[in-house]
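Every read-out reported here was derived from the displayed coordinates using simple, explicitly stated rules and does not represent laboratory data. None of these values were measured; they are calculated from a predicted model. Cβ placement follows ideal geometry from the backbone for every residue including glycine, while neighbour counts extend to all protein chains displayed.
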Amino acid sequence: MRTNIVLDDVLIEEAMRLTQTHTKKEVVNHALTELVVRYRQRALRDLVGRDLIDPDYDVGAVRAAMSRDPG
């Protein structure tokens, strides 16, 4: 999606330096990805302690069973 926005040049330059990106597009995409990841992590943390998953659930055993199942 093409969008025209006015960005703070000093902030963009610092973000590009910190993230080692080379274009404004790269740094904006990087920032948006980080924002989405952070909010998803926060949503997961909010689920902790809500008794939504059986405490005896063994994800490793489930994955092992799935890899053995031919299909």
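Does anyone have the angle between helix 9-19 and the longest principal axis of the chain? Alpha-carbon axes, 0 to 90°, nearest 10?
Roughly 40 degrees, rounded to the nearest 10.
Between beta-carbons, use under 11 Å as the cut-off and find the net charge around Y39, counting Lys and Arg +1, Asp and Glu -1. Kindly include the intermediate steps, with their values, before the conclusion.
Numbers: positive: R38, R40, R42, R45; negative: E34, D46.
Combined, the nearby Lys, Arg, Asp and Glu give +2.
How far, in degrees from 0 to 90, does helix 24-47 lean away from the longest principal axis of the Cα atoms of the chain, to the nearest 10?
30 degrees
Based on Cα coordinates alone, diagonalise the gyration tensor for the chain, multiply each eigenvalue by 5, take square roots, and list the semi-axes in whole Å, largest first.
Gyration-tensor ellipsoid for the chain: 40, 17, 11 Å.
For a footprinting-style exposure proxy, rank I53, I12 by other Cβ within 10 Å, fewest first.
Least to most surrounded, the residues fall as I53, I12.
In nm, what is the difference between 0.36 nm times the number of residues separating D54 and N4 and their Cα-Cα distance?
13.2 nm
Can you give the local net charge around T19? Use residues other than it whose beta-carbon is closer than 10 angstrom to its beta-carbon, Lys and Arg +1, Asp and Glu -1.
Computed value for this residue: -2.
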